[in-house]
Amino acid sequence: MPTNIQSSRRVQIVAWAVASLFVLGFFFNPVGVWTGPIMGVWFVGTQKLRRGFLWMIAFGVIPSLIFGWRKIPLTGPEQALHYLGWTLLAAVLGVLPFTFHRLVSPRLPGFLSTLPLSLAAVAIPSLALALHIGAASMIRPSTFLIFWFAATIVWLWNQESRATKFVFAAGFIVVGGFRLFRPFSDVALPINLVRVGELLIGATFSWICLGAALFLSVWALFRPIKQRSWASRPETIARLQSPFTGEPLHVVSEQGREALVSSTGERFPVRNGIPAFLKPEDLTGDNGKYNHLYQVIGGFYDDTQRIFIALKGFNRDVYFRSYMSLLEAKPGDSVLETSVGTGLNFKYLPRGVQLSGLDLSPEMLANCQNNLRRWQMDADLYLGNAESLPFADSSFDVVFHVGGINFFNDRAKAIREMIRVAKPGSLLLIADETEKHVKQIYEKGPGGHLYKNRKEPVSAPIDLVPPEMQEIHLEIGRTGEWYMLTFRKPAAGLGRNKNANSTKQEGSSR
Ligand SMILES: C[S@@+](CC[C@H](N)C(=O)[O-])C[C@H]1O[C@@H](n2cnc3c(N)ncnc32)[C@H](O)[C@@H]1O
């Protein structure tokens, strides 16, 4: 199987062109009018509600003060404060549609989930206008279209729909071009349909949007995100145990909240559908240091990875399959990924497997839940440390790990745990980046300081795999930036390994 992934010039050119368009949007208003709302709705969607709201306000207010400081009246402190107050209010009014969308759209089905942004983008300023708050401007149907376009693009992007690039290109060429050369505000034509629409519909359109926004809010309120109860998963509960004492666990429900408890009184709460097995000690050392990073980047993780892969011209499916195809998973198998992150690897497993994922970061797991909902997949997720797993011995047909082990506190313990919970005879996979990648990419990127001055360079943990494991095999791929280590847990008991270990270089096949 080829592990040296080919780069496609065409993909790379398209990716760089789209990225440049977004950069251009910061400096050239006719493009920014379209790219700005896309960036806004994407950004707010990656953040927790309050954090997204505050960041958006900061993005709105700070540049306008830096670049428009000359407009601040210097006639007296009162006037200056007055000006700042209105600037802040304008920013809040501008951000509210995005916050509304972030709140309501995840609870709406399918394409309907693209509507809250555009409805709120029309309704909120109209309401402000009606209430004489600030100097809200006249609302145009074009506002609705621009924001709907933005929400649709982000929706298609999140669905990983191949239609994204076509809708994107069509939207920019047709509507963007029209706006660029014949702005809606200049009534150059004898009959400007948009202008006529504005005059005819005017306030009625705003009120319709307000009514529709209210309707969608009520609908969303009565359509809470459903979570499967743990009491309804007896097969899953049967393989759970306390990671600290090894005691089996059972589900209790107190005031509508579930928890997992052991007979000796240990109690593990279930928060947002995910049992939490962490102790404060789990977040010390390197585990704590990198956990902070994942808590911050959790919402961006998938998209940065997607953008990075596209800018390099790689085919994403080939990229993931380069290691996922090493697994021996088949429908019906129980599969565990330690350090599951946002669950990106799950899509590359056969349909019909029972998925379990454990991670140290609640933020990464929350994004994993969102992804699973989008992909209509189901998995048992756990908040825990891969160095002490909450599962009984020999629980899973397939156990694998991708992308976190390099910076674990105790890699040997994590590997022993993976082996313990795997069924005898199963093949295990550990894949992560090599020192070359960490030096070239991580150390130079944002957050690079976390990777500098390490005690030792990263290395594939082949020497930490117990010698009794069989078929130990190390492969280096992706131009030397990635290692894949596989080994088999002996079928009966733990006999000595009779097979020679092997190391292969990129481009080799198994
Ligand atoms: C680079 S991400 C990889 C995520 C996913 N496996 C993938 O391939 O997309 C690394 C993940 O390891 C998790 N992690 C780091 N230390 C961990 C630990 N000690 N136990 C469990 N997960 C850990 C992080 O929270 C993060 O989600």
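Only one entry in 286, 303 is more than 12 Å from the ligand (Cβ to nearest atom) and not assigned by TED's automatic domain parsing to the domain that holds residue 231, namely 303.
For residue 452, state whether it is open to solvent by 10 Å² or more (accessible area, probe 1.4 Å) and not in a helix (DSSP H, G or I).
On the way: open to solvent by 10 Å² or more (accessible area, probe 1.4 Å): yes; not in a helix (DSSP H, G or I): yes.
Yes: the conditions hold for residue 452.
For the range 395-404, the tally of residues that are among the aliphatic types (A, V, I, L, M) and more than 8 Å from the ligand (Cβ to nearest atom) stands at 2.
Scanning the range 353-376 for residues that are more than 13 Å from the ligand (Cβ to nearest atom) and open to solvent by 40 Å² or more (accessible area, probe 1.4 Å) yields 354, 370, 373, 374, 376.
Conditions tested, residue by residue: (1) modelled with pLDDT of 95 or more; (2) open to solvent by less than 20 Å² (accessible area, probe 1.4 Å).
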residue: 239; (1), (2): yes, no
residue: 242; (1), (2): yes, yes
residue: 251; (1), (2): yes, no
residue: 256; (1), (2): no, no
residue: 266; (1), (2): yes, no
residue: 269; (1), (2): yes, no
residue: 274; (1), (2): yes, yes
residue: 285; (1), (2): no, no
residue: 289; (1), (2): no, no
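For the residues 337, 328, the requirement of being outside any helix (DSSP H, G or I) and surrounded by fewer than 20 Cβ atoms within 10 Å (Cβ to Cβ) singles out 328. Residue count for the range 62-96, restricted to those that are open to solvent by 50 Å² or more (accessible area, probe 1.4 Å) and assigned to a loop (DSSP other than H, G, I, E, B): 2.
Here is a check on your reading of the model: is residue 391 modelled with pLDDT of 95 or more, more than 10 Å from the ligand (Cβ to nearest atom) and over 23 Å from residue 326 (Cα atoms)? So residue 391 passes the test.
The values are calculated or read from the model by the stated rules, or taken from the named source; none is laboratory data. Being a predicted model, the structure only gives us computed values, none of them experimental. Virtual Cβ from ideal backbone geometry, glycine too; neighbours counted across all protein chains shown. To get the accessible areas, we keep the full protein, side chains included, count just its heavy atoms, and leave off ligands, DNA and RNA. Shrake-Rupley method; radii C 1.70, N 1.55, O 1.52, S 1.80 Å.
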